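Following: one structure in structure tokens, then a few remarks.
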């Protein structure tokens, strides 16, 4: 075969045609893919704007700017200048990025909700349970587990109360535990804005048992009885406690997933004159089942005891009054002092004192 007067072998010409055909074929596929991809991007972005009002109604996107379409329409109605319309386009681009970022965050939160269950089977419960000679009760091992989760993922499953004195900083606590579901409980005379719960009276160190009683009374009447979502883990924590959040996640996750059991968590000491255990007031927690029991018992007003001893006695008496001996079973978990520090915290470059301990050097 001749092309432009030049003889080209038939075999070489066939290869050339095949090569040209393949190039055209792949170029066509690429252009089709690019077109479909761009159309899909536009569709997703358009749907994002269409659902913006719905997202706002559900509180997902708060304080969000208007969409570019809304901005453009509003500017036209008011007859803005070209400079103002240029700013509108910039705001539109910002809105697009903001929407994508917030939608991505909501997707991440939704994925985090699907967490592996730590609920024990009956067989696992039987294997892990052991009899503690010092306390003369059945206990479960401290739930220290390796994980890559954040405590904010459990936010709706638990509640931690933190009674605070007027000489202790609410701002410090709310910054340190900004990702933890904590309610700060203040005395009646404390008018600071950061108080989540305000009691009627003023309490000192020797009347903390009364503060604990009225705090629990408030929780049961105003939070426990007024929420449709079950509290699976309830705790009381002192101001001068520093807790490792990875460890706290393990504790909350384990007790929440086994909230059908009567679990009492903390640093234990046996009762002197009866069966059972009290947990030190620095940090103690109960499962949802025990919170159910407590809030449905007629708890008498607290009399002179340490607040941690009073709470432990009231909790055990509640179970004793409602059930025969064979149905009073409670399980206890010992807190790890390695991950929860009281009164201060020391580490590389850190020497921290908290609460009443800050006044000792001044006395």
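Ranked by the mean number of other Cβ atoms within 10 Å of their residues, highest first, the peptides 335-344, 256-265, 193-202 fall in the order 256-265, 335-344, 193-202.
Taking the inverse of the mean 1/r over every pair of distinct Cα atoms in segment 287-352 gives a Kirkwood hydrodynamic radius of 14.8 Å. Sorted fewest first by neighbouring Cβ atoms within 10 angstrom, 326, 171 come out as 326, 171. In terms of overall dimensions, the C-alpha atoms belonging to segment 206-325 reach 36, 32, 29 Å along their principal axes, ordered largest to smallest. Computed packing ranks the peptides 318-324, 241-247, 211-217 as 211-217, 241-247, 318-324, most packed first, by mean other Cβ atoms within 10 Å.
Counting only DSSP beta bridges with both residues in segment 122-362, the antiparallel share comes to about 55 percent. Each principal axis of the Cα cloud of segment 122-362 was evaluated for its coordinate range; sorted largest first, these ranges are 51, 42, 38 Å.
Bear in mind that the values in this text are calculations on the coordinates, not laboratory data. In this text the structure is predicted, and so the values were computed from the model without any measurement. All Cβ positions, glycine included, derive from the backbone under ideal geometry; neighbour counts span all protein chains shown.
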